[in-house]
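Following: one structure in structure tokens, then a few remarks.
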Amino acid sequence: MDFQLNEEQQMLQDTVARLVRGEYSFEKRLAFSETDLGFSADFWKQLSELGLTAVPFSEELGGFGGGGVEVQSVMTELGRGLCLEPYLQSIILGGGLIGQAGNDSQKENWLTGIASGELKAAVGLQEPQSFYDLNNIETRAEKNGEGYVLNGRKAVVIGGHCADVIVISARTSGDSRDTNGITLFALSPETAGIERRTYPTIDGAKGCDITLNKVQVSADALLGEEGKAAGVIEFQAGRAIAALCAEAVGVMEIANELTLEYLKQRKQFGVPIGKFQVLQHRMVDMMSELEQARSMAILAASVADGEQNDERRRVLAGAKNVIGRAGQFISESGIQMHGGIGMTWEYNFAHYAKRLIGINHQLGDDDFHLERYANLLQAS
Amino acid sequence: MNMNYTAEELAFRDEVRAFLDEKLPADIAAKVKGFRRLSKEDHQRWQKILCKQGWYATHWPEEYGGVNWTPVQKHIWDEESSRYGVPRSIPFGVNMVAPVIIRFGNEEQKQRYLPRILSGEDWWCQGYSEPGAGSDLASLKTRAVRDGDHYIVNGQKTWTTLGQHANMIFCLVRTNTEVKKQEGISFLLIDMNTPGISVRPIITLDGEHEVNEVFFQDVKVPVANLVGEEDKGWTYAKFLLTYERTGLAGIGMSKAALSHLKQLASRRMKNGKPLIEDPSFSQRIARVEIDLTAAAISNLRIIASVEGGGVPGAESSMLKVKGTEIRQAINDLARRAIGPYALPFLEEEMDLDYDGEFLSDKDAAPLSAQYFNNRKLSIFGGSNEIQKNIVSKMILGL
Ligand SMILES: Cc1cc2nc3c(=O)[nH]c(=O)nc-3n(C[C@H](O)[C@H](O)[C@H](O)COP(=O)(O)OP(=O)(O)OC[C@H]3O[C@@H](n4cnc5c(N)ncnc54)[C@H](O)[C@@H]3O)c2cc1C
Ligand SMILES: Cc1cc2nc3c(=O)[nH]c(=O)nc-3n(C[C@H](O)[C@H](O)[C@H](O)COP(=O)(O)OP(=O)(O)OC[C@H]3O[C@@H](n4cnc5c(N)ncnc54)[C@H](O)[C@@H]3O)c2cc1C
């Protein structure tokens, strides 16, 4: 057993860290967030030039062949900077789904571009009624001549506003919560019948809801086997959960650093407020919550690209549950101990707090994953 | 022991209901119930109606235009108000500075300020906190130096709620630096239009403009605006804080928020069933409802003890802590109830006159913002840590 990053992994993490430190000041982030794009095109380009967008892709695609640990290294640093770029959406999820389900020509069309950062992907895997259950799909795809016609609605597609390709799930057969009958399609958002309502998110990013109204696509939009996508989706959502956990750890690290610093520096009643034992203990709890989260993020990274089985499912559900709880505790405790300052837009802490809550609403909150874990409990 | 309202109290409740049925504007009630923003005009419109009924100043003696309700009547009013969606009165004038003026002000101040509070002519804000004086309020530094008939005020207040709408601010200022910090503080009434005052907005984490910084540079304030005696302001300030705290438990508001949550959870679907039928979610709601029931009874017990001749003391601190925790727990559940739709930040949908299509549930848009905004409940009016310090010192003798 060895919990250290190897030399290459450490170099990778240092590279991202340097880039984030140099380019992603809090003020710049606020400005990026307010643009139409919602992130920095320039930073995205730099990620790409350093080969960082290619980390999880195979060497034939110009990639790095990275697994869970490499992705974790990148995501934690992006988390520390509260970076808004669609790494999770495009590289991990979009790239992951196309990579696993796509045929050669689809991979050629999309993956090389995604890996190089030239193309951005987004994924529409959930719907208004889904409540985090990715098998709860009602969008219909019906065979029509050589292709399909799609009707339905995809909910909260982060990064969907600027994506070049959107991977969506739809039903080719079965009822709303059946595992069988779910099919993936890769669509250009410009296709007739696709409407996007774009909005900012509470944690500073951008996303959209997508309405599909008689969207006609040709057969080559079909990604993978018809009706058999549930397993692919589950697997890739699992990789994304591991990546989100890693991001959350980065966010928590900074949230804790800021709070600890504040406890030492803010004086009331003639002493630093960190002298009050009730705050000391709360800070200690924040630290141990972070360590619990870090442990689960590491465990999640170790199974992210592993075999799909109940053990992997349990680890990922457990990790997301811990991350959700720890994130909320750190978010709320940090605001509380900052007093009024923690409530302001101008000071960075609240933005870390909002991202932690935001992460809990992506790919299932702690309640959802607790239930999932409970359903997978082993009797002994 | 009698847990029921008396016949007179029940009659009073009917009277309140009849009044609200008839007079509460539907658009205002809808905003309150849907957690939408209220404009200054909304507040003023409702205040006029209340004043006309004679029910605006519930804490004041009748001679000043108040209504002599018993604590139980006030409680009934609060409960019904929350149920109907009555806007919470902006407390700074009617419930904060007015009781201080009535108790410690001179006749001239009473004659001048109280009618203007009733009529809505004056909007007050509270100038207590400073950048360096939050929990340790007594360490405030804003200086007032006597110069003939005036004080010259220099310094800064912060977190001033709705200061952008106010034309009057009541301030704690330092008039004596030679004595113990609590003993050199005075209570001044300051016209916000006096030269030398500037107001800068502070935007909160949910993007709202609710609080401000207020700067004072050589501001001339007539000595006639001093309340009570010079250097005795701390006593008045603490008198005001007990008033503030009692209202902060927010039991009525929690009841309204809980009912809103239950309706929301009945409309949201999980696994093809209403979320409120989901075993784990319904248990979460049940738990907070049970806590709220207990807190409501504690609230009533404290109210009853006041009526019996006691004064709400450190018990109200306990109530503030419980009450705010419950409210925050309800906000947390409401955000959870909308799942991924907690992420979209749709400012346009937060306005009641929004007439476009709703992205998801009609009430979803403000829920995340409100969850974050209400983190303030455990910080202001004396943070929950400070309230617990009070309880452990005053009640437990630790
Ligand atoms: C089952 C058992 C086995 C033990 N075995 C051993 C043994 O093998 N060898 C040995 O030497 N001792 C042993 N101990 C003793 C143990 O180390 C002491 O009980 C322990 O150090 C606490 O001391 P105390 O019981 O005097 O409680 P106190 O020190 O009086 O503490 C009482 C309470 O006050 C709290 N408290 C005290 N100081 C602070 C502070 N500064 N800040 C916040 N809270 C504070 C404590 O956390 C505790 O809740 C054992 C005790 C138990 C119960
Ligand atoms: C939205 C909002 C509106 C407000 N409106 C007004 C207003 O209209 N007028 C006004 O005057 N003020 C207002 N306030 C200010 C409010 O009263 C202060 O924020 C509050 O008193 C806390 O002070 P602080 O923010 O400086 O935090 P600090 O006092 O610096 O506290 C920081 C942390 O330390 C803790 N702490 C401090 N001392 C102790 C101790 N002895 N023991 C244990 N823990 C301690 C606190 O509980 C908190 O968690 C408002 C605040 C907010 C957030």
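No value in this document is a laboratory result; all are computed from the given coordinates. Just so we're clear, the structure is a prediction, and the values are computed from it rather than from any experiment. Reconstructed Cβ throughout: ideal geometry from the backbone, glycine too, with neighbour counts over all protein chains shown.
Quick look at the numbers
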| read-out | value |
| --- | --- |
| Tally of Lys pairs whose C-alpha atoms are under 20 Å apart, taken over chain A, 8 or more apart or cross-chain | 19 |
| Normalised contact order of chain B, rounded percent, pairs of Cα under 8 Å and 6 or more residues apart | 14 |
| Reference-scaled alpha-carbon Rg (2.2 N^0.38 Å with N residues) for chain A | 0.99 |
| Backbone N within region B:186-202 under 18 Å of label point (7 Å from B:ASN167 Cα along the Cβ vector) | B:189-199 |
| Lys/Arg +1, Asp/Glu -1 at C-beta; chain A dipole; positive extreme among A:GLY340, A:VAL149, A:GLN13 | A:GLY340 |
| Whole-Å distance, taken between Cα centres, linking region B:16-63 and region A:169-207 | 45 |
| Reachable lysines from B:LYS238, criterion Cα separation under 19 angstrom, eight or more residues apart if same chain | B:LYS141, B:LYS157, B:LYS180, B:LYS181, B:LYS320, B:LYS388, B:LYS393 |
| Over the protein assembly as shown: helical MRE at 222 nm, DSSP H runs n ≥ 4 each giving -39500 (n - 2.57), nearest 500 | -15000 deg cm²/dmol |
| Neighbour-count ranking [beta-carbon atoms within 10 angstrom, fewest first] of A:GLU49, A:GLU7, B:GLU130 | A:GLU7, A:GLU49, B:GLU130 |
| Simple Cβ-charge dipole of the protein assembly as shown, Lys/Arg +1 and Asp/Glu -1, about Cα centre, in debye nearest 20 | 2160 |
| Integer Hz, Karplus 6.51/-1.76/1.60 couplings in order for region B:179-196, x for Gly and Pro | 10, 3, 4, 6, 8, x, 10, 10, 10, 10, 9, 10, 6, 5, 8, 5, x, x |
| Where labels lie 7 Å past Cα in the beta-carbon direction, separation of B:GLU348 and A:ALA219 in nm | 4.2 |
| Count of Lys pairs (Cα-Cα under 20 Å; at least 8 positions apart or interchain) in region B:7-89 | 12 |
| Cα gyration tensor shape for region B:7-89, rounded if a/c is under 1.5, else prolate or oblate | oblate |
| Two-decimal Rg to Rh for region B:124-232 - Kirkwood Rh, Cα set | 0.97 |
| Computed over region A:231-375: relative contact order in percent, which uses C-alpha pairs under 8 Å that are six or more apart | 31 |
| Per-q log10 I(q)/I(0), the protein assembly as shown, q = 0.11 Å⁻¹ (Debye; single scatterer per alpha-carbon; no solvent) | -1.21 |
| Simple label model, 7 Å out from Cα along Cβ direction - A:GLN10 to A:GLU307, nm | 3.3 |
| Whichever aspartates and glutamates have a C-alpha closer than 12 Å to that of B:LYS220, once near sequence neighbours (fewer than 8 apart) are set aside | B:ASP147, B:ASP149, B:ASP191 |
| Paramagnetic label zone (point 7 Å from Cα along Cα-to-C-beta, B:LYS220; backbone N under 18 Å) in region B:143-175 | B:144-155 |
| Convex hull projection area averaged over all views, region A:1-56, Cα basis, nm² | 4.9 |
| At R0 = 51 Å, FRET efficiency that the Cβ-Cβ distance of A:LYS143 and B:SER280 yields, to 0.05 | 0.85 |
| Simple label model, 7 Å out from Cα along Cβ direction - B:TYR64 to A:VAL278, nm | 3.2 |
| Positive-end residue, region B:7-89 charge dipole about Cα centroid, Cβ charges, pick of B:SER82, B:HIS43, B:TRP69 | B:HIS43 |
